[in-house]
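Here's the structure, in structure tokens; my notes come after.
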Amino acid sequence: KTVLELGAGCGIPALACAAYSNPKSVTITDLNPETIDNIRYNIELNDQRQQRDGDGKDATATKTTTTASSIDWGDEATYPSNTLDYVICSDCIYQKDIVPLLKKVVTGLLHPDHGMFLYVAPEGGRDGLPEFIAAMKAEGFECAREEIAPDVYRENPLKSGDEEDCFLHFHELASTVYVLHEFRRVSR
């Protein structure tokens, strides 16, 4: 399977896919060149950790190719040449005017027969999410599942466990309910 993360920031969801789900390839994308440099650094760190600690995968499993690249959602020339099995995205809709661009890039990247889009966002407070769901339905997708993330998703992610640092960096984490939206193409 092939996976691409849109608007990745530091790329944690895509890096988790690469480490734990054994896809053929993972592409981690953002628009900002400095962010892409940071993603490449995070890929290196994860590769080093997996080499040092072992990746926990079956010895016969193929190694996942993980890359970083810049995608301008409005410019199809920046899209990968092949369609993908999965596109993932976390909390990229902040206002209604982003909806047409996100719909364009998602539908342009996904394999037309079996591509799936996974989107996670806070339950409320994001202008444009209802419009995005409606736009995806109009484009031939169904929101096959909406699932509230389990409580473990809101736990302190810091290795140190320091609650003050966690609040400083992730102040919304403990009080926000996150929802996973799974979009699939409606059978033709």
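Since every read-out is calculated from the coordinates, none of them should be taken as a lab result. Only a predicted model underlies this, so the values are computations on that prediction, with no experimental measurement involved. Counting neighbours? That spans all protein chains shown, and the Cβs are built from the backbone with ideal geometry, glycine included.
Some points to look at:
- For the listed residue pairs Lys24/Lys96; Lys104/Lys137; Lys96/Lys137, the alpha carbons are over 25 angstrom apart in Lys24/Lys96.
- Summed side-chain charge close to Ile39 - residues other than Ile39 whose Cβ falls under 12 Å, Lys, Arg +1, Asp, Glu -1: -4
- Dipole magnitude for the chain: computed about the Cα centre from +1 point charges on Lys and Arg Cβ and -1 point charges on Asp and Glu Cβ, it is near 800 debye.
- DSSP bridge orientation in the chain - percent antiparallel, rounded to nearest 5: 40
- Neighbourhood net charge (11 Å Cβ-Cβ; Lys/Arg +1, Asp/Glu -1) for Ile93: -1
- Cα gyration tensor, the chain - rounded (a/c under 1.5), prolate or oblate: oblate
- Relative contact order of the chain: 20 percent, from C-alpha pairs under 8 Å at least 6 residues apart in sequence.
- Couplings 3J(HN,Hα) for the stretch 78-95, derived from phi with the Karplus relation 6.51 cos²θ - 1.76 cosθ + 1.60 (θ = phi - 60°), are 8, 6, x, 6, 9, 6, 10, 7, 9, 10, 10, 7, 10, 6, 9, 9, 10, 7 Hz, where x marks Gly and Pro.
- The stretch 68-171, relative contact order in percent, only Cα pairs under 8 angstrom and at least six apart counted: 25
- Ranked by the mean number of other Cβ atoms within 10 Å per residue, highest first, peptides 151-161, 22-32, 110-120, 171-181 order as 22-32, 110-120, 171-181, 151-161.
- By the rule of a C-alpha distance below 12 Å, with chain neighbours fewer than 8 residues away ignored, the aspartates and glutamates paired with Lys1 are Asp85.
- Using R0 = 45 Å, the C-beta based FRET efficiency linking Val152 and Asp113 works out to 0.85.
- Summing charges over neighbours of Lys24, with a neighbour being any other residue whose Cβ is under 10 Å away from its Cβ, gives +1 when K and R count +1 and D and E count -1.
- Leading residue at positive end of dipole, the chain (Cβ point charges), from Ser81, Gln50, Val120: Ser81
- Leading residue at positive end of dipole, the chain (Cβ point charges), from Thr27, Leu110, Ala135: Leu110
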